[in-house]
Amino acid sequence: MEQELDPSVPCCQHLLSAILAMEPSECLISHARACGGGSITDQVQQFISDHCLSTPGDFHAPYLKTFLKKLITQVEFDRGCVLDHLYELYAHYISSFKDDSLGKRDGRICKRISFLFPDGCSELLSFPHSRVLVFSLQCSLNMLEGDTGCSIWPSSLFLSELILSHPELFSNKSCFEIGSGVGLVGLCLAHVKASKVILSDGDLSTLANMKFNLELNHLNVEDDMLQRNKDPNMVKCLHLPWESASESQLQDIMPDVVLGADVIYDPVCLPHLVRVLAMLLNQTNLGSCRQHASCKGHSPNIEHENGEHNHEYAIDKSDGGCKAIYNDGSSSLSKEAPVAYIAYVIRNIETFNYFLSLGKQANLDIVDLTDSLKPVNLLCYMKSYNQATVRLLRITCSNIRNIQ
Ligand SMILES: C[S@@+](CC[C@H](N)C(=O)[O-])C[C@H]1O[C@@H](n2cnc3c(N)ncnc32)[C@H](O)[C@@H]1O
């Protein structure tokens, strides 16, 4: 009897992860072939049956039906032998799930995104014990539902890889995301132990879906910004349309790190987006200054002490991050300058250039980090996502004197 496939070998992990993430059928077929050294052998079919389809859950049915059809067609085309069990399963899906069943199911699906850490990465802080990290995410089949926020966009996959690859940039930091969509970035931030995770979106149905996803992944959701809860599993969710965001609304947030994935796309929204970024990054304008942990015992609010609003900082970027040293005579007082990481895919260069010009007008310092800060490729099984198409910006407030 031929040996069963080992589920822990990379090609089997890729096939299983691709099915859970609901990658297109062509992608699954190519992973299945890779497992069988070029053809979809009996062992590969047995692996699919035992490990990929054993607990499919109702929500997967129409997707699995399409995949099974493709799989059977491919094996027959190769003049191979289809396992009886796969024929039976396909017959079951045909009779149980008619084509209109998708509509009746409200168009919601649950994807499971697996981050696969390659050998040699297990020492990563974010990943001390296991080589696979899986998050479940309810998404919409209709990309435009929830003002685009109920789908997973490539930039949030990229930012998630960045967070898990460089946890030191986010761990123990207060992190705030704009346009959070399904909430994947927030799950990764909580995983690497950001000291605070605040997610936001301007669309209420997206926000409801995001909260559902956080709870699905065992995080607690808090709506009230004022509540100071030390629960490490607590994530705050805010309804924050950029158009109406005010300084007083942002005053309680004061993040160390601002994140945004695929938020640069609508020219109408860009002036508001840039205004929000400028308010979050230029925290001297927000009424009070945060204090770095090393400054205990000093005044937490140099702005109020001096009565000035235009402090000059020096910014030290030597370690890849940003540390601001206030240049107000108080040499012992230092604080991390807030920094934004924005991942984006250029779909329209004019829109992107418009964003850059608005950023300049708002005194934002925008640096392209794509070539210098690369995440590990943790989603190599996803053929629908290409890390190389995503670019990364670091944005700081340029009322800051760079000492580099
Ligand atoms: C293309 S989606 C990206 C979602 C998520 N960041 C991702 O990458 O998967 C853009 C997100 O920004 C939100 N958004 C768009 N315009 C907005 C606005 N004016 N104010 C607040 N959020 C907005 C949408 O609701 C949506 O969640």
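Throughout, read-outs are computed from the coordinates displayed, never taken from laboratory work. Because the structure is a prediction, the values reported are computed rather than measured. Note that we place each Cβ from the backbone using ideal geometry, even for glycine, and neighbour counts take in every protein chain shown.
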Original post:
What net charge do the residues around residue 137 carry, taking every other residue with its C-beta under 13 Å from that of residue 137, with Lys and Arg at +1 and Asp and Glu at -1?
Top reply: +3
Original post:
Rounded to the nearest 0.05, what FRET efficiency is calculated for residue 77 and residue 9 with R0 set to 22 Å and r the Cβ-Cβ distance?
Top reply: 0.30
Subject >> ³J(HN,Hα) computed for each position of segment 175-186 - Karplus, 6.51 cos²θ - 1.76 cosθ + 1.60, integer Hz, glycine/proline x >> reply: 10, 10, 10, 9, x, 6, x, 6, x, 4, 4, x
**OP:** For every other residue with a beta carbon closer than 13 angstrom to the beta carbon of residue 52, add +1 if it is Lys or Arg and -1 if Asp or Glu, then tell me the sum.
**Re:** -1
Subject >> Spin-label model distance (nm) - residue 43 vs residue 348, 7 Å beyond Cα toward Cβ >> reply: 5.2
Subject >> Label-to-label distance, nm, for residues given as residue 368 and residue 69 (7 Å Cα→Cβ offset) >> reply: 4.3
Subject >> Estimated inter-spin distance, residue 215 and residue 84, nm [label 7 Å along Cα→Cβ] >> reply: 4.5
Original post:
What is the distance in Å between the Cα centres of segment 344-381 and segment 160-176?
Top reply: 18
Subject >> Magnitude of the charge dipole, segment 10-104, Cβ model with Lys/Arg +1 and Asp/Glu -1, debye to 20 >> reply: 140
Original post:
So how do 94, 113, 72 line up by other beta-carbon neighbours within 10 Å, fewest first?
Top reply: 94, 72, 113
